[in-house]
Amino acid sequence: MNFDFSEEQSQLREALGRLLDRGYAFDKRKQIIASDAGWSRALWRQLAELGALSIALPEPHGGAGGGAVDTLVVMEALGRRLVVEPYVPAIVLGAGLVARAGSDAQRARLLPRVGSGEHLLALAHDEPDSRYELARVATRARPEGGAGAGFVLDGTKTLVLGGGAADTLIVSARTAGDPGDPDGVSLFLVDAGAPGVSRLGYQTQDNHRAADVTLTGVRVGGDALLGPAGGGAALVEHAIEHGIAAVCAESLGVMAMLVELTAGYVKTRKQFGVPIGSFQALQHRLADMLMRVESARSMTYLLTTTVDSADAATRRRTTAAVKAMVSQAGRFVGQGAIQLHGGIGVTDEAPVSHYFKRMTAITMMFGDADHHVARFSDLMERGA
């Protein structure tokens, strides 16, 4: 199989690299994460001008009609610079859901503004006791009025990535069944400023932003329903699969930088009068780290070619296997980088510590290695 990028993808990668090298140096990033917003709208507009926000959106709505490989190109570049702007929540999860499940009117209303950087989406799905179980949704949506009238939403969502800055929330809520039932979950487009919506924003350990969202008697119209009533669980699952592919791609950039920073450090750090990089044991450790990065790259490429498949069973198995393997590789590379840096590697002043924190967050995002190993085993046993 040919894994070479197209000319357009290579040009986008180079343009992103130039933009981020010029405007997202480590000191600049520290200023951005210390700001009230915690991310840069100026950079967001620049990403929109490059076409990075609309690369995977449908052409009729201002996008380039790209796929998961195009998203991989963007995410790997963002990972190399530890970009904290909400690309995964707003573009991969939010816009991806609208593009796949939205009505023509919903797509026309939201996607052009998302692609231009004017409007932010966020998926509000996880709940305090869900623990990676996508069907464990207790938030309720009760019909109000006759058929097609509207709904009233009540519930709590936690760790909503990009939720504090979002203009529209995609909220999962039960229209039937009990928490844990695979059927009966519906998705709703909710104005983040609507009466009854309260948000508590905070900074995560890896300096990204998230929010806890409480919905108390939130009224939405019938046109707020995204996709079929009761069919939201499958839509969320596919969106999360795209999210996993995206963060695995991001981890390639993060891990590559961990190796580069560590290789540079051991060439200059001296012990016993010589650079520690001359010690064969450390050379072997670096080689092992690089091998893990390349193994993760191969698996991530496999996932990007599978995540748009119509075969849900294949998607599930591949996603679980790749996320488990990439998480294990990220843990090995991150711990190796910190060990070879020594004490300086855990200080806030050292860039390597920030890459390690982001890599650690990615290993747990959308399910850690243990979760996906168990899920893969279960899927194989059931033949699902």
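The values are calculated or read from the model by the stated rules, or taken from the named source; none is laboratory data. All values reported here derive from a predicted model rather than from experimental measurement. Methodologically, a virtual Cβ is constructed for each residue, glycine included, from the backbone with ideal geometry; neighbour enumeration extends over all protein chains shown.
A few notes on this one:
- In region 259-273, residue surrounded by the most Cβ atoms within 10 Å (Cβ to Cβ) [restricted to those that are under 13 Å from residue 285 (Cα atoms) and in contact (Cβ under 8 Å) with a residue 60 or more places away in the chain]: 262
- Enumeration of residues in region 21-50 that are surrounded by fewer than 19 Cβ atoms within 10 Å (Cβ to Cβ) and not in a helix (DSSP H, G or I): 25, 35, 36, 37
- Residue count for region 76-130 under the criterion of being at pLDDT below 95 and either among the hydroxyl-bearing types (Ser, Thr, Tyr) or closer than 14 Å to residue 59 by Cα (or both): the result is 1.
- Test: residue in region 251-262 that is touching a Ser or Thr at 6+ places or on another chain (Cβ under 9 Å), modelled with pLDDT of 95 or more and part of a helix (DSSP H, G or I): yes
- Which listed residue is among the β-branched types (Val, Ile, Thr) and under 24 Å from residue 372 (Cα atoms), from 88, 114: 88
- The set of residues in region 156-178 that are of a type in the set (Gly, Ala, Ser) and touching a Ser or Thr at 6+ places or on another chain (Cβ under 9 Å) comprises 172, 173, 176.
- Check on residue 62, more than 23 Å from residue 351 (Cα to Cα) and either of a type outside the set (A, V, I, L, M, F, W, C) or touching a residue at least 40 places away in the same chain (Cβ under 8 Å) (or both): yes
- Elements of type helices (runs of 4 or more DSSP H) contained in region 276-384, each with 1 or more residues being touching a Ser or Thr at 6+ places or on another chain (Cβ under 8 Å) and of a type in the set (S, T, N, Q): 280-304, 312-341, 351-364
- For residue 202: the one exception among (1) out of contact with any Gly (no Cβ under 7 Å at 6 or more places or on another chain); (2) assigned to a strand (DSSP E or B); (3) surrounded by 21 or more Cβ atoms within 10 Å (Cβ to Cβ): (3)
- Considering the conditions (1) out of contact with any strand residue (DSSP E or B) (no Cβ under 8 Å at 6 or more places or on another chain); (2) among the charged types (D, E, K, R); (3) not in a helix (DSSP H, G or I), residue 241 is excluded by exactly one of them, (3).
- Which numbered condition residue 218 misses (of (1) closer than 30 Å to residue 175 by Cβ; (2) part of a helix (DSSP H, G or I)): (2)
- In region 203-245, residue farthest from residue 98 (Cα to Cα) [restricted to those that are over 15 Å from the mean Cα position of the chain (by Cα) and hydroxyl-bearing (Ser, Thr, Tyr)]: 216
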